[in-house]
Every structure is written in structure tokens, then in C-alpha cells.
1. How high is the relative contact order of the chain? Use alpha-carbon pairs under 8 Å, at least six apart in sequence, and give a whole percent.
2. Tell me what the chain gives for mean residue ellipticity at 222 nm when only DSSP H runs of n ≥ 4 count, each as -39,500 (n - 2.57), the sum divided by the residue total, rounded to 500 deg cm²/dmol.
3. For region 99-126 and region 128-195, compute the distance between their C-alpha centroids and round to whole Å.
4. Mind checking which of I192, L112, L34 is farthest towards the positive end of region 2-222's charge dipole, using Cβ charges of +1 (Lys, Arg) and -1 (Asp, Glu) about the Cα centre?
5. By counting other Cβ atoms within 10 Å of each Cβ, how are H162, H113 ranked from fewest to most?
6. Just grab the label-to-label distance for E109 and D174, each label 7 Å out from Cα along the Cβ direction, in nm (one decimal).
7. Using R₀ = 22 Å, calculate the FRET efficiency as 1/(1 + (r/R₀)^6) where r is the Cβ-Cβ separation of T14 and R46; round to 0.05.
8. Between D127 and R160, what is the spin-label point distance in nm, taking each point 7 Å from the Cα along the Cα→C-beta axis?
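Please treat every number below as a calculation from the coordinates, not as lab data. Values in this document were obtained by computation on a predicted structure and should not be read as measured data. In this analysis, Cβ positions are derived from the backbone assuming ideal geometry, glycine residues included, and neighbour counts consider all displayed protein chains.
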Amino acid sequence: MENHLATGLGELKTRLLAMASLAETSVINSVQALLLRNTELAEHVRVQDQNINFLEMEIDELALHLLSRAPLAGDLRFVTTACRISQNLERIGDESKKIAKRARDLAREPALHLELDLSRMARLALDMLKESLDCFVQRNATAARAIIPRDAEVDAINHRLHDEMVIYMMEHSDTIARCLDWIVAAKSLERIADHAKNIAEDVVYLCEAENIRHRARRIAAAA
């Protein structure tokens, strides 16, 4: 019984890491598609999202099977954490697909010659995602806690970009549709950073049996 449970937990981790790899790649490809006006890469992101969704369903099914074996508290936290992380990864895939759609739309229109901080925003969000997943693998709650406040920097860039685009649209009304596409893409990156933060919070729960999600949000709101 214990051997079967250990094998199942190992398989759950393997599938989750495969899903994480696909999600990371989708973020990278969607941003590259947007910045390089590459419609082929954008289409690849759309197709890849189906694989991410499929893995989430596999993880859910495997998790239910493992829960039926009445695992001990530590293993139970691992299974529930894996499910939470897979949900966040699935949503990251969705946000990447949104960016890819905007990339396809923008590639059909004349380019906007604006100095936007989107590349830095993407790099910060992707670093948060990679590091939160590393924390999961290493079960490093201390490093996971350090990731959480970094979401504020991504939020700040998104707010600045939004304000810049609004001013630009007011001055160049013929660019409104294109500017809105960039605003939506930036918002998706902001959401990807949010999901990375969620994963970091889940790692703390896995390691310390403490749910800090709502407490972290109360602290952020008070600040």
C-alpha cells in the first residue's frame, strides 16, 4: 500500500513538473510572439494550451485516486498543493493564450513605435514563476516567502503602462484598438505574476502547514 502511494505521489510530481514546463514555455513564446510580431509562434501557444489543460485533468484524476488511499497529513498536503499549483498553471496557460491572441491581432496592424516596459514586466513575472516552482521542488518555504512581495513591482509597472497608454490614446485616437491590445497583454502578464505568487504561497502551506494566502492579501491591501 505504501509503495503504491509513493509511486503515485512521484507520478503526480512528474506530471505537475511537465505541466509547469509547458506553462513557462507558453509565457516565453507568447511574449516573444507579441514583441516580434510572430503569428506562427502565437499559434503554437494556442495549441500548447490544450496540452496544459489535458495535464491538469490528468493531475486532478490522479489526485482523487491518491486521496482515496487516505494519505498521512504530509502526503495529503502534497496532493492538495499539487492540485492548487496545477490550477494556477492552467490559468497561466490561459493568460499566455490571451497574450498570443493579442499578438496575432497586432501583427495584422501597423506597429506602434512606443517605448513600453513590457519586456521587463515579462521578465519579472517569469522569474517569479520559475523561482516559485523551484521552491516547490526544493520545498523551500523561506525562498517562497521572499517571492510574494515582488508581485507589487509587476503591479506598479502594469499601472504605469496603463496610464501611458491612456495618454497616448487620447493624443492618437487612431491607435485606440492597438493600445487596448497592449493593455490587455500587460494585464495578462500581471495576472501571471499573481499566479506565481499563489504558487509561492502554496509552497509555504506545503512546507509549514500554514495557509498564508488571505493574510498576505490583507497585508498588501493595508499597505
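1. Answer for the chain is 26 percent.
2. When only DSSP H runs of four or more count, the value is -30000 deg cm²/dmol.
3. If we compute the Cα centre of each part, the gap is 12 Å.
4. Result: I192.
5. The order, fewest Cβ neighbours first, is H113, H162.
6. So the two model labels end up 1.3 nm from each other.
7. E(calc), rounded to 0.05, equals 0.30.
8. 1.4 nm
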